[in-house]
Amino acid sequence: MTKQQELSTKHLLGIKYITASDINLIFDTAINFKEVINRPIKKVPSLRDVTIANLFFENSTRTKLSFELAEKRLSADVVNFSSSSSSVKKGETLLDTVNNILSMKVDMVVMRHPAPGAHFFLSNHIDANIINAGDGTHEHPTQALLDAFSMKERLGSLNNKNILIVGDIMHSRVALSNIFCLQKLGAKVKVCGPPTLIPKNLPSLGVEVEYDVNKALQWCDVANVLRIQLERQEIKYIPTLREYSQYYGISKQMLDSLDKEIVLMHPGPINRGVELSSDAADSHHSIILDQVENGVAIRMAVLYLLAAKRGVNKSEN
Ligand code: NCD
């Protein structure tokens, strides 16, 4: 069988809409880019003729920096937009904002938006490649790709591996994208968290639920720990963060007392002392900073492969 050379889609709207072969192609490409960003000269000219707009309608530190760095490492021209300082505050629609930006001849749009599905809406209206950098509580595909890539670096194949996602599953786009991505790669996925933060439809996605965090840690090869998304909770789903931490917080002592190796992950930002104790986050179990490094390589791979769909020169990496 010949190896897949290009992505099956023009946009990255969600992991749900790409195939396992797409994911493996992104990983193979990211391995090359990880080598590039560890060289003394970290830049390649692959996207020299491409202009990318980063449109952030929601707060972001890591994801925004990571995309911008990935774009600059590929020599793209980059423009940044953040809704807090824009005409959106004056009542402009999403389509008008984006059309104005595209009139400036932008080829690719990386967007974070609070409305689930905002990226689909745009993809029906504009010609640029669209990359979802997080749409509300829906998907965050590049985070799931970098998470799975980081797991693979540690475990080799993810086939039949036990992956646990702990925390606010209901409001987390990282959880949903991770579930889709890990299942496509053959892993078994379990979630753990307070019943009020576990969506009722999870069994229909083939995901098991474990409410006892110690049992869940015993079961898994990797624990991907998520933040409580307080900014998305219009009612109180848990009594207090202190109580959450008592029942679902993970400490180094809990990890050390397991009679096996475990890999600890977190997409950031960490609320130290809530979902993770500081000593767990900084322990030898943790690969949290590897995730951040891999994020740049993964985003370079996604941008490069989507630009190739536009016929942009892809000879030199
Ligand atoms: C995540 C996000 O924004 O969904 N963070 C990130 O992208 N690094 C998770 C979070 O906000 O908790």
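The values are calculated or read from the model by the stated rules, or taken from the named source; none is laboratory data. Every value quoted in this text rests on a predicted model; they were computed, and no experiment measured them. Backbone-built Cβ (ideal geometry, glycine too); neighbour counts: all protein chains shown.
Observations, loosely collected:
- Selection status of Ile23, modelled with pLDDT of 95 or more, closer than 20 Å to Ala128 by Cα and within 17 Å of the chain's Cα centre (by Cα): no
- With respect to being in contact with a Phe, Trp or Tyr (Cβ under 8 Å, 6 or more places away or on another chain) and either in a helix (DSSP H, G or I) or touching a residue at least 40 places away in the same chain (Cβ under 8 Å) (or both), Thr63 falls outside the description.
Listed here are the residues, each with its yes/no results for (1) more than 16 Å from the ligand (Cβ to nearest atom); (2) crowded, with 22+ Cβ neighbours inside 10 Å; (3) in a strand (DSSP E or B).
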site	(1), (2), (3)
Tyr211	yes, no, no
Asn224	no, yes, yes
Ile228	no, yes, no
Glu231	no, no, no
Arg242	yes, no, no
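- Test: residue in segment 154-174 that is part of a helix (DSSP H, G or I) and in contact with a Gly (Cβ under 9 Å, 6 or more places away or on another chain): yes
- Here Lys190, Lys200 are screened, and the one residue that is assigned to a loop (DSSP other than H, G, I, E, B) and over 15 Å from the mean Cα position of the chain (by Cα) is Lys200.
- Of the residues making up segment 155-189, those that are in contact with a Cys (Cβ under 7 Å, 6 or more places away or on another chain) and more than 16 Å from the ligand (Cβ to nearest atom) are Asn162, Ile163, Leu164.
- Qualifying residue in segment 73-83 (condition: over 26 Å from Leu289 (Cα atoms) and not in a strand (DSSP E or B)): yes
- Unmet criterion (only one of (1) more than 20 Å from Gly134 (Cα to Cα); (2) modelled with pLDDT of 95 or more) for Pro239: (2)
Each row is one residue, and each column tells you yes or no for (1) crowded, with 16+ Cβ neighbours inside 10 Å; (2) outside any loop (DSSP other than H, G, I, E, B).
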| site | (1), (2) |
| --- | --- |
| Lys34 | yes, yes |
| Lys43 | no, no |
| Ser46 | yes, no |
| Asp49 | no, no |
| Ala53 | yes, yes |
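- Single unsatisfied condition, Ser257 versus (1) under 21 Å from Ile169 (Cβ atoms); (2) away from the ligand (no atom under 14 Å from the Cβ); (3) surrounded by fewer than 21 Cβ atoms within 10 Å (Cβ to Cβ): (1)
- Pick from segment 113-140, criterion among the small types (Gly, Ala, Ser) and within 15 Å of the chain's Cα centre (by Cα), ranking: farthest from the ligand (Cβ to nearest atom): Gly136
- Candidates Glu35, Glu68 - the one that is at pLDDT 95 or above and within 16 Å of the ligand (Cβ to nearest atom): Glu68
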